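Here the structure comes first, spelled out in structure tokens, and everything after it is commentary.
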């Protein structure tokens with residue numbers, strides 16, 4: 001082994017490095033001690049990060065039409081000319097307001113905790129459009145401090161960098177790409193009629209198969225029918241289902257719920273979760289509940305509809321968002337005033353109302 005030792009840095013370099021470190025520490029301390037009436041966003045490693053696109057947070061149908069018919073430059077010009085006019089609320093707006101309500105309750109119980117919802121505006125808009133988006137957010141007093149404007153580029157790598165727990169968009173290709181990368185994501189739809197939602201509680205409803213769970217059981221239904229499905233679920237009742245694309249989001253919600261339970265606030269918890277599944281309870285429900293139990297997760301209410309329409313039940317629940325993998329259920333939900341989000345995952349994407357879609361139609 002060589003006895004040659006690396007040369008030590010000159011004393012001047014050591015002094016310079018020490019000075020730089022001190023300056024950096026001082027600047028960081030100064031920033032952290034700045035006072036503001038607006039809550040500072042939590043650090044991503046502690047937060048439950050919800051990334052929403054500008055077209056889900058705000059109603060930008062008219063602006064989108066300008067983009068599609070007249071091009072990018074006219075679109076940017078229009079946004080700049082109207083940047084002092086706040087955009088109208090979009091489908092994700094009530095959901096974001098409910099997240100803020102939960103954060104307020106968490107801050108009251110845990111003033112120093114950073115285990116909160118962190119809402120990120122994730123948009124492929126160009127930075128020139130940012131002023132109108134910022135003005136709209138300030139107009140509605142939304143707590144959204146993190147912006148990511150990708151200028152037409154894919155947001156996927158940014159979603160990873162932000163450690164995103166859920167991504168909501170109106171762009172089906174971006175949502176599909178996010179799911180393929182293991183990020184919980186869904187395409188949002190505006191309801192056909194407006195319904196009154198809770199202002200004190202975040203209410204989230206999930207379908208089961210191909211949303212919280214994998215599509216393994218859904219495949220059996222589609223390919224072999226209900227009787228084979230019932231036999232399969234009975235046989236494998238004690239074998240947990242594999243996780244689906246939104247399991248991690250339910251897990252994140254459960255983590256925040258437990259913070260309220262720890263303060264004896266279970267009955268007054270501002271987060272409530274619902275399982276709304278087409279499964280039959282007696283024939284195939286046990287495996288679902290045992291799977292959740294094996295994951296260490298709770299669901300507040302479980303509704304097994306045995307194939308009945310979901311819309312009327314969702315109208316009673318009035319969730320801020322409902323996730324389902326089949327457009328048939330999404331359409332039925334939004335017709336009755338439910339804010340619905342499509343999860344494009346699993347074999348269900350190859351079927352419509354139980355019928356196999358022809359391959360050429362799937363590509364369109």
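The values are calculated or read from the model by the stated rules, or taken from the named source; none is laboratory data. Quick caveat: nothing in here was measured; it's all calculated off a predicted structure. So basically every Cβ, Gly included, is an ideal-geometry build from the backbone, and we count neighbours across all protein chains shown.
In segment 220-248, of all residues being in contact with a strand residue (DSSP E or B) (Cβ under 7 Å, 6 or more places away or on another chain) and part of a helix (DSSP H, G or I), the one that is nearest to residue 342 (Cα to Cα) corresponds to 248.
Between 81, 68, the distinction of being over 30 Å from residue 338 (Cβ atoms) and without any contact (Cβ under 8 Å) to a residue 24 or more places away in the chain belongs to 81 only.
Taken over segment 74-93, the criterion of being assigned to a helix (DSSP H, G or I) and more than 21 Å from the chain's Cα centre (by Cα) is satisfied by 74, 75, 76, 77, 78, 79, 80, 81. Touching a helix residue (DSSP H, G or I) at 6+ places or on another chain (Cβ under 8 Å) and farther than 22 Å from residue 171 by Cα: does that describe residue 109? Spelling it out, residue 109 is indeed touching a helix residue (DSSP H, G or I) at 6+ places or on another chain (Cβ under 8 Å) and farther than 22 Å from residue 171 by Cα.
State yes or no: is residue 63 closer than 20 Å to residue 189 by Cα, out of contact with any strand residue (DSSP E or B) (no Cβ under 9 Å at 6 or more places or on another chain), modelled with pLDDT under 95 and surrounded by 15 or more Cβ atoms within 10 Å (Cβ to Cβ)?
In short, yes.
Those residues that are surrounded by fewer than 18 Cβ atoms within 10 Å (Cβ to Cβ) and over 19 Å from the mean Cα position of the chain (by Cα), I need them from segment 105-124; list them, please.
Residues of segment 105-124 that are surrounded by fewer than 18 Cβ atoms within 10 Å (Cβ to Cβ), as a first pass: 107-115.
If the condition is that a residue be surrounded by fewer than 18 Cβ atoms within 10 Å (Cβ to Cβ) and over 19 Å from the mean Cα position of the chain (by Cα), then 107, 108, 109, 110, 111, 112, 113 are the ones that fit.
The residues of segment 99-116 that are under 26 Å from residue 320 (Cβ atoms) and not in a helix (DSSP H, G or I), listed by number, are 110, 111, 113, 114, 115, 116.
If only one of 323, 304, 328 is touching a strand residue (DSSP E or B) at 6+ places or on another chain (Cβ under 8 Å) and surrounded by fewer than 18 Cβ atoms within 10 Å (Cβ to Cβ), which one is it? Lay out the reasoning, then the answer.
Numbers: 323 fails: surrounded by fewer than 18 Cβ atoms within 10 Å (Cβ to Cβ); 304 fails: surrounded by fewer than 18 Cβ atoms within 10 Å (Cβ to Cβ).
From the options 323, 304, 328, the qualifying one is 328.
Put simply, of 257, 243 the only residue that is under 14 Å from residue 299 (Cβ atoms) and under 20 Å from the mean Cα position of the chain (by Cα) is 257.
Filtering 96, 120 for residues that are within 27 Å of residue 45 (Cα to Cα), assigned by TED's automatic domain parsing to the domain that holds residue 166, touching a helix residue (DSSP H, G or I) at 6+ places or on another chain (Cβ under 8 Å) and outside any loop (DSSP other than H, G, I, E, B) leaves a single hit, 96.
Out of all the residues in segment 285-299, is one or more surrounded by 16 or more Cβ atoms within 10 Å (Cβ to Cβ), closer than 22 Å to residue 199 by Cβ and in contact with a strand residue (DSSP E or B) (Cβ under 9 Å, 6 or more places away or on another chain)? The answer is no, given that none of the residues of segment 285-299 is surrounded by 16 or more Cβ atoms within 10 Å (Cβ to Cβ), closer than 22 Å to residue 199 by Cβ and in contact with a strand residue (DSSP E or B) (Cβ under 9 Å, 6 or more places away or on another chain). The residues listed here are 161, 127, 178; of these, the one that is buried (at least 23 other Cβ atoms within 10 Å of the Cβ), without any contact (Cβ under 8 Å) to a residue 60 or more places away in the chain, outside the structural domain of residue 248 (by TED's automatic domain parsing) and farther than 19 Å from residue 59 by Cβ is 178. Can you spot a residue in segment 141-148 that is over 26 Å from residue 189 (Cβ atoms), surrounded by fewer than 16 Cβ atoms within 10 Å (Cβ to Cβ) and modelled with pLDDT under 95? The answer is yes, given that some residue of segment 141-148 is over 26 Å from residue 189 (Cβ atoms), surrounded by fewer than 16 Cβ atoms within 10 Å (Cβ to Cβ) and modelled with pLDDT under 95.
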